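These notes are about the structure you will find just below.
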Amino acid sequence: MTEATVQGDVLEWALEDAGVNRDEVLAAVGLRGSAAHFPLVGEVTLAEEALKYIAKATRRSVYFFALPAPPETSRHSVDANFRAPMSNAGQARSLIPDERAAVRDAKRRQQAAEKISRELGHDAVRFPSIPANAAPERAAIIVARWLQWGDVQERRRRIKSKTQLFVAIRDALEGQGIMTNLLPVEGDALRGFTLHHDHVPLIFVNSAVKHPAARSFTLLHELAHLLRGVDKACDKHDLQSRTSEEAWCNRFAAAFLMPQSELASYMAKYLKKGFIQDGDIDSVRRIAGYFYCSYYSVAIRLKQLGLASAGLVDAVSGSFEEPAQDGFARGGQTRVQKRLSAYGTGIARLFGEALQNAAVSEIEVRKSLNLKSQNELRSFLALGREAV
C-alpha cells in the first residue's frame, strides 16, 4: 500500500480552515484513540487513499499537504470579519466546507486580479457616493444612474427575458470594475457573497440557484452589501430577512428592478389596480413577468410603496415555490465559454491587458482560471474582448 507523510500542523490547519468535523474525518482515515484527541504534531504517515479522502473532505489539493508548514498569511483563509449567512432559526450559521472553499477560491482570484491591477496602475473602483442614512429607493436611483441603466422602456428594447436581465446587470457591474463570479456551490442554500476591495471588489452568485430572477435579485442584494463595505455571505433566509440591514439590501434590489413611476404606470395601465390584495398572486406574476424579476421582489416592492400589505410578502416567502422558468442552458457551451461565464468578462480583459504588458505569465493566468492549454487561454481572452 502506498503511503504519504504529511506534517501534522498542516493537517490540523486544513481541517480547521475547512470547517469540517475533525474527529469524524480523522476516524474515517484510521486516526483513532489518543492521536485524534490532541493536536497532531510532527510527521504523520497516512495511506495514499486516506490522504485523498482528507483532501476531498477539506476541499484541498493533495499537493497542499506536501507543504512543510501551514500557510503563514492567515490562520484562516476565510477572514474573521467575514459575516456568515443565517440559519432557519434566524441565527448566524457556520459555512459548510463547500461554501468555505468557494470563498477561498474567490479570494485567490481576487488577489491575483489585485496584483495585476496595481502593476498596471489602474485606479481604484469609483463607487457612487451614497449617504449612510440614504433610503433604499434613493440609493437605487443613484446606482442606476451610475450604471447608465436607463428606463424600463429602453431596457425592454434589448432585454427580452429574465435570463437576459441577469446578464445585463452583470455586464453593467463588470463595466464599472466589479468582478462577478457565477459558480456552483452544493445545494442552493448559499445564494451569494461579497468581498469588498478598492481595486477589485467581487460579487459571487451561486449558479446552483437555477431561477434567473433569483440570480438577479441576489446580484443586486450583494451589490448593496458591497456599497456598504460589508463582506457577507447570504442564504435564502438572508434574502427574505426583515432585519434592518438585510431588509435594506432587499428593498434596494427591488427598487432598482422596479422604479416607482414605472411600476405605478404599469399597474394603472395593465392591472387597473392601485393596491394588490394578499392572495392576488396572478397580479404578482404579471408584474414579475413585465419587469423580469422574482415574485418575492415584487411583493416587497409593493409593500415598500404602500401598494400591498405584509400579507402579500408572506404569501410568496418561506416554502412558496415560484413557477419554474427557462434558465441558463447547461449544454452547448465549450469549456472556455463555461470559464468565461464563471469568472466574468472583467477578469478576462484584465488578464489580457496584463499579458500584453508582460505583467503576468501565461502559466499564472491559466492556473488562476483553470485553463488547460494556450489555445484555451487565447479563446478565453478573445471571448472577453468580444464581450466589450
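Below is a table of values for the structure above.
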quantity: Any hit, the range 275-292, residues being of a type in the set (Ser, Thr, Tyr), under 19 Å from Val167 (Cα atoms) and under 28 Å from the mean Cα position of the chain (by Cα); calculated: yes
quantity: Qualifying positions in the range 206-231 - closer than 30 Å to Gly121 by Cβ and touching a Leu at 6+ places or on another chain (Cβ under 8 Å); calculated: Leu219, Leu223, Asp231
quantity: Pairs where the first residue, in the range 151-162, is in contact (Cβ under 8 Å) with a residue 40 or more places away in the chain and the second is outside any loop (DSSP other than H, G, I, E, B) and surrounded by 10 or more Cβ atoms within 10 Å (Cβ to Cβ), C-beta under 6 Å, 6+ apart; calculated: Val152/Glu262; Ile159/Leu165; Ile159/Ala168; Lys162/Pro212; Lys162/Ala213
quantity: Residue in the range 352-374 that is surrounded by 20 or more Cβ atoms within 10 Å (Cβ to Cβ) and under 30 Å from Met86 (Cα atoms) present; calculated: no
quantity: The range 209-268: number of residues that are open to solvent by less than 30 Å² (accessible area, probe 1.4 Å) and touching a strand residue (DSSP E or B) at 6+ places or on another chain (Cβ under 7 Å); calculated: 18
quantity: Subset of the range 106-142 that is open to solvent by less than 40 Å² (accessible area, probe 1.4 Å) and of a type in the set (Gly, Ala, Ser) - its residue that is farthest from Leu340 (Cα to Cα); calculated: Ala134
quantity: Residue match in the range 137-146 (condition: without any contact (Cβ under 8 Å) to a residue 60 or more places away in the chain, touching a Lys or Arg at 6+ places or on another chain (Cβ under 9 Å), closer than 19 Å to Glu174 by Cα and of a type outside the set (Lys, Arg)); calculated: yes
quantity: Restricting the range 80-93 to residues that are of a type outside the set (A, V, I, L, M), within 15 Å of Gly192 (Cα to Cα) and surrounded by fewer than 20 Cβ atoms within 10 Å (Cβ to Cβ), the residue that is modelled with the highest pLDDT; calculated: Arg93
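The values are calculated or read from the model by the stated rules, or taken from the named source; none is laboratory data. Because the structure is a prediction, the values reported are computed rather than measured. FYI the Cβ positions are ideal-geometry reconstructions off the backbone, even for glycines, and counts take in every protein chain you see. Surface accessibility is based on the protein's heavy atoms, side chains included, excluding ligands, DNA and RNA. Shrake-Rupley method; radii C 1.70, N 1.55, O 1.52, S 1.80 Å.
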